[in-house]
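Asks: Here it is, the structure, as C-alpha cells.
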Amino acid sequence: MWAYRLNIPSHWRLLSERYRLAGGYCENCGHKMFPKQKICPKCGSEKIKPVELPRRGKVITYTIVQTPPRGFEYYTPYILAIIELEDGTRVFGQLTDIEPSEIQEGMEVEMTIRKVRVSGESGAIAYAYKFRPLE
Amino acid sequence: MQKPTIAGVGFTKITAHWKQSLKDLASEAAVKALNDAGNPEINAIIVGNMLSGIINGQENLGSLVAESIGLSGVSSVKIEAACASGSAAVMWACLSVLSDLFDSVLVVGVEKMTDVTDNEDVTSALATAADYDYEVFFGATFPSLNAMIMRSYAKTYNLSPEDFGYLPILMHKNAVDVSHAQLRFPIDMDGYLNSPMVSDPLKLFDCAPIGDGAAALVITKKDGAKNSDHLVEIAGFGSATDTLATYRREDLSRLRAAELATTRALSMAGLESKDFDIVQIHDAFSVIGYLNLEALGIVERGKAHEFVASGDAERSGALPVNPEGGLKARGHPVGATGVYQIAELALQLSDRAGPSQIENPNVGVAMNVGGTGSNVFVHILRRVE
Amino acid sequence: MRPNRSVGIVGWGAYVPKYRITSKELARAWGKDWKKYAARILVEEKSVPGIDEDTFTIAYEAAKNAIRRARVDPSEIKAVFVGTESKPYAVKPTATMLAEALMIGGEERLTLGADFEFACKAGSEAMQAVIGLVGSRMIDYGLAVGADTAQGAPGDALEYTASAGGAAFVIGTEDKSVARIVGTCSYVTDTPDFWRRQLAKYPSHTSGFTGKPAYFTHIINASKKLMEEMGTSPKDYDYVVFHQPNGKFPLKVAKMLGFTEEQVKPGLITPFIGNTYSASSMIGLAAVLDIAKPGETILVTSFGSGAGSDSFHIEVSDRIEEVRNCVPRVIDFIKKKVYVDYAIYSRNRRMIIMPAGIGDY
C-alpha cells in the first residue's frame, strides 16, 4: 500500500508547522488559523501572514485508538486529541507521556516534538508536534 | 422541468465476495438495473467508488465498467467523494439528464474492500477520507475521528453509552429478513455495550462492517422510460461541503454540510422535513446516524436517541428509518452505499422492497455522508402515481 | 587549554524521560540475584525513553531549556553540536533537526551544525568545540548538547545502567555567563574498552578492562593535568563531576584523586536515572549548576571509551541566580517518574521484533 507511506517531500514542506506550529494570522480581522490558508475562513481576506502559534492549550476532545492504521502498530493504543491553543486556534495531534486513565477534557497540555512514525529499520523518521500534560 | 426518474434498480448482496472482483460486482448490478429498466439506450455511465485505486490498484473505472457490460464507446467516468461517492454519482447523473444532453444515464456504485485482508490496510485506506497532512499523518483513523465526534456529542447532550446502542440494535433487527444484507443477526444492549473498543468511546457495534457490493440505477426522464410500472421521481437533491479536517469545525456536535444539503434538496423538491415518509440515514457510526436525523430536521438536536428508542423509527413506526438495516447491518461498501440507499428508497416507493416494505410511502429521503461530514449529499425521492 | 577571550556557560538545560525501570525488575527478568549481581553498582533505577522518544527529541527538550535559561535569541546562536552514540540516523545529522526545530541561526539558518561521536564524552567535546569558536571570536554563542538513548544488550551487565537523557549548554561570551569556563584539558589513548561496530545494535565491552586501564586512567590523567595547568588542587573545588557509568566508579575515582564524597554527591545522578552515556557528566554538571552559588568552583571530567577524558575548570558567576528557576531542574526530572515493567521497557526500547512489513510505512 504505497499510498500511505511517509512522503518525504510533503513532510519536509510542512516542517515549520510540524516542529514549530507555524500558522496564519489574518491582518484584516485578526483571526488565527492552523494551517495558514490563502484566504481567511472568517472574513475572506487574502492578507494572511505567517505566525508561530502558542504552544500551550487544552484538550477539547480525545479518543484512544485501539485499531491502528499501517505504521502505527507499535504505538497502539495511542491517544488522539483536538487541542485548543491559548489563542483559540485548534490543532489535532497525539497526546504523549500520559496514560489513557489520566486524560480529561479541558486538561492543560503543552507542545513537544516526538517521533510520529518510523519507516521501518532503514527508512526516514518523521518527527512532529505532540502534546503532553502541563505540570 | 421534468424531474430525473429512476427507471431501473439492481444490486448485489453485500458480503465478502471472495470469488467476485470489482468488475464482476459492478457488472452484475449494472445488468440487473438495465434489465429492470427494460434495457434502454445508455448515453453515459457514472461510477461511484472511493477505494479502487488504493485497495484494488485500479482506477479509470469508467472504462472498466463500460467494457464489462459491453458498452465500450459510451461516455463514462468515476466520481469520488469518499463514503458519499455513490450519491455523488447519482447527483451528477441527475444533472446530466437535466442538461437535456443525455437521455439515459447508468449509475454504478461499487466497492471491493476485501481484496486487502489486513485490518491495518483497510483502516489506512478508509483514512484517506480525512485530512492527510493534519490528521492521518498523526495516526488518525476514520473511526477515531468519528469517536471524537461521538464524545463531543455525548458530552453536549449528556448521553449515556446505552443511548448510542438503540440505533445499531434496530438496524440489526431490520436486516434479519433482508436477503442482500450483510449482518443478518439481531444484537441486544448487552452485546452492544460489551463489544470491543475500536477507538474509545466508539465500539465495534457502533461501526458499519467492511464488505463488498455494487448497486446500480438507470436514471432517465419519465417520458423516455421504457418500463413505466415502477418509476420513482428524484424530486430534489442537494449537496454541501464542510472543512476536510474534523478539528477545524467549531461545533463537533452537528453536521453543517448535512444541514445545508438538506435545505437545498428540500428547496428543490418544494417539500418540508415533515413530508418524509421514509428515511435513509448514513449510520456508518451510530453518532453519525443520529446527527443525520437531526440535520434532516426530523428531530431536535440531541434527541435522536429518544426518537429511535421510542419505536418511531421501526418499520411500523411513525417514520421508518433504514428498514433494510442501514449501513450498520445491510452493509456499507463505501463508494456503493449512496447508490444502495437510493435504490432501497426506489424499491420502497414502488412497493417492491419485499420483507422490509413499509406501508405506502410517498416521499423518501436519503442522506449520504462523505468523510466525517465534509461532503454530504441528500436526495429526495417521490412515488410516481 | 584556555580560550583567547573569556568564555562561559550562558544557559544550561537538562531532560530525562519520565519512565523508570528498577534494577530489581531487570534482575527479575533474567533470573539474577539482585543483591549479588546488581546492588553493588549502586544504580537503583534507570530512565527509559518513551516509545516516541529518541536522541533528537531528548536533545530538543534539553536544548529548549538551555536556550530559555540563556535568554539568547536562537538566531544569535551560530553553532549547534550534538554529542551522542545513539544517533537516530547513522548518516544524517541530529544537529540540523535541532537547528530547524529551534530556529538556531535564525530564518536564514546561518549556523554550524554537526554531530560528534566519542562514546560517552561526545557531549563534552561538543562543548570544547564551542568554547574554541567563541574563544577565538568566530561566534558569540554556540549550543553543545549531549544526549543518548543508551544501548545495553538484553541480559548484559550494561542493561542495569544504560538509560536515556540529555543536557545542553549555551556557551558564549563571559559578560552574559552564569559560569565562566576558565580552562579545559583533554587526554586520549587507543584503549579498546568498549565499542560498537557500524551495524551492531548493541555495544561490546571488556568487563574488568573497562575499569583501571580505561575509566580510571583517563579521568585521573585529564583531571590532574587540568589542575596542574590551573594551579589548583582538589580542595580548591566546591564540586567535582565525573562521568558516571554507575554509582560506584565516580566515588572511587574521586577518592583516588583526593576529592571528598561531599564534593561528588551533588553531581552524582546515575544512581537515580542510570548512565545517560554522552549526557552523563553533563547532567551531573547541570545538577550542580542548579544549586551552585556565585563564586563557587566546579571541576568536571568526562570519559569516553576508546578512550579519552575532557576536564573543565568552571567558576560560577552572579547571573546564575537570575535564571536558575525559569525551567525545570535536574531534581524535578528525577522526581517525575512512572515505573514500567520489563515488557513495556522492551517495547519502548523496540527490543521486540515485529513481523516484516509491520510499521514499515
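Computed from the coordinates by the stated procedures, all read-outs in this text should not be read as laboratory data. Please read these numbers as outputs of a predicted model, since none were measured by experiment. Cβ coordinates were reconstructed from backbone atoms using ideal geometry, including for glycine residues, and neighbour counts include every protein chain displayed.
Asks: Rounded to whole Å and sorted largest first, list the principal axis extents of the Cα atoms in segment C:183-316.
Replies: Cα extents, longest axis first: 47, 30, 23 Å.
Asks: Got a sec to turn the phi values of segment B:314-322 into Karplus ³J(HN,Hα) couplings, 6.51 cos²θ - 1.76 cosθ + 1.60 with θ = phi - 60°, whole Hz, x for Gly and Pro?
Replies: Karplus-based 3J(HN,Hα) across segment B:314-322 equals 5, 3, 8, x, 5, 9, x, 10, 6 Hz.
Asks: I've got another one for you. For helix B:334-348, report the angle its Cα long axis makes with the longest principal axis of the Cα atoms of chain B; keep it between 0 and 90° and round to the nearest 10°.
Replies: With both axes taken from Cα atoms, the answer is about 70 degrees.
Asks: Mean Kyte-Doolittle of at least 0.0 plus a Cα span of 18 Å or more along the axis: flag which DSSP H helices in chain C meet both, please.
Replies: Numbers: long enough: C:55-70 (22 Å, -0.11); C:122-135 (19 Å, 1.07); C:217-230 (20 Å, -0.33).
Length and hydropathy pass: C:122-135.
Asks: Right, next: Using only the Cα atoms of chain A, build the gyration tensor, take square roots of its eigenvalues as a ≥ b ≥ c, and label the shape rounded, prolate or oblate: rounded if a/c is under 1.5, else prolate if a/b is larger than b/c, else oblate.
Replies: Note, shape of chain A comes out oblate.
Asks: Give me the tail of P(r) for segment A:7-53 as a percent: Cα-Cα pairs with distance above 15 Å.
Replies: Roughly 42 percent, rounded to a whole number.
Asks: Projected area of chain B, taken from the Cα convex hull and averaged over every viewing direction, in nm²? Before the final figure, lay out the partial values.
Replies: Working: hull surface 66.3 nm².
Here the figure is 16.6 nm², rounded to one decimal.
Asks: What is the spin-label model distance, in nm, from B:GLU300 to C:LYS252 if the labels are put 7 Å beyond Cα along the C-beta direction?
Replies: 7.8 nm
Asks: Go ahead and estimate [θ] at 222 nm for the protein assembly as shown from helices alone: -39,500 (n - 2.57) per DSSP H run with n ≥ 4, summed, over the residue count, rounded to 500.
Replies: Result for the protein assembly as shown: -8000 deg cm²/dmol, rounded to the nearest 500.
Asks: Separate question: List the aspartates and glutamates whose Cα sits under 13 Å from the Cα of B:LYS221, skipping any in the same chain fewer than 8 residues away.
Replies: Here the aspartates and glutamates satisfying the reach criterion relative to B:LYS221 are B:GLU41, B:ASP100, B:ASP103, B:GLU233.
Asks: In cubic angstrom, how much convex hull volume per residue do the alpha carbon atoms of segment B:123-223 span?
Replies: It comes to 179 Å³ per residue, whole-number rounded.
Asks: A follow-up question, please. Tell me the trypsin sites (Lys or Arg not before Pro) within segment C:219-283 that lie in a loop according to DSSP and have at most 16 other beta-carbon atoms within 10 Å.
Replies: C:LYS248
Asks: While we're on this one: Stretched out fully, how many nm does the piece from C:LEU199 to C:GLU261 gain, at 0.36 nm a residue minus the Cα gap?
Replies: So the chain would gain 18.3 nm between C:LEU199 and C:GLU261.
Asks: Placing +1 at every Lys and Arg Cβ and -1 at every Asp and Glu Cβ, with all other atoms neutral, what dipole size does the protein assembly as shown have around its Cα centre, in debye to the nearest 20?
Replies: So the dipole magnitude of the protein assembly as shown works out to roughly 2440 debye.
Asks: Check segment C:183-316 and count each lysine pair with an alpha-carbon distance under 19 angstrom, considering only pairs eight or more places apart or from different chains.
Replies: 19
Asks: Something else: Please work out the Cα convex hull volume for segment B:38-181 and give it in Å³ per residue.
Replies: 187 Å³
Asks: Going by C-beta contacts inside 10 Å, put C:MET103, C:MET1, B:MET1 in order with the fewest on the left.
Replies: Arranged by neighbour count, lowest to highest, C:MET103, C:MET1, B:MET1 become B:MET1, C:MET1, C:MET103.
Asks: Taking every DSSP beta bridge with both residues inside chain B, roughly what % is antiparallel (nearest 5)? Could you put the intermediate results ahead of the total?
Replies: Details: 37 of 53 bridges.
Counting DSSP beta bridges with both partners in chain B, the antiparallel share is about 70 percent.
Asks: If I model a spin label at B:ASP312 and C:TRP34 as a point 7 Å from the Cα along the Cα→Cβ vector, what separation in nanometres do I get?
Replies: 6.3 nm
Asks: Listing B:PHE142, A:PHE92 from the residue with the fewest other Cβ atoms within 10 Å to the one with the most, what is the order?
Replies: Working: B:PHE142 28, A:PHE92 24.
In order of increasing Cβ crowding within 10 Å: A:PHE92, B:PHE142.
Asks: Kindly put C:ILE67, B:ILE54, B:ILE234 in sequence by how many other C-beta atoms sit within 10 Å of each C-beta, fewest to most.
Replies: Ordered from fewest to most neighbouring Cβ atoms within 10 Å, C:ILE67, B:ILE54, B:ILE234 come out as B:ILE54, C:ILE67, B:ILE234.
Asks: Another question, if that's okay. Please state the equivalent ellipsoid semi-axes for the protein assembly as shown: what are the square roots of 5 times the Cα gyration tensor eigenvalues, largest first, in whole Å?
Replies: Largest first, the protein assembly as shown gives 65, 26, 23 Å.
Asks: Follow-up question, since we're still on this one. Shape call for segment C:229-297 from the C-alpha gyration tensor, a ≥ b ≥ c root eigenvalues: rounded (a/c under 1.5), prolate (a/b greater than b/c) or oblate? Write out the running numbers ahead of the final one.
Replies: Values: a/c = 1.92, a/b = 1.31, b/c = 1.47.
Oblate shape, in that a/c is at least 1.5 and b/c is the bigger or equal ratio.
Asks: Hey, another quick one. According to a simple spin-label model (label point 7 Å from Cα along Cα-to-Cβ), what is the distance in nm between A:SER122 and A:CYS43?
Replies: If labels sit at A:CYS43 and A:SER122, their model points lie 5.4 nm apart.
Asks: Then there is this: Is segment B:260-385 rounded, prolate or oblate when judged by the Cα gyration tensor, a ≥ b ≥ c being the square roots of its eigenvalues, rounded requiring a/c under 1.5 and prolate requiring a/b larger than b/c? Write down the numbers at each step before the final one.
Replies: Numbers: a/c = 1.17, a/b = 1.14, b/c = 1.03.
Rounded.
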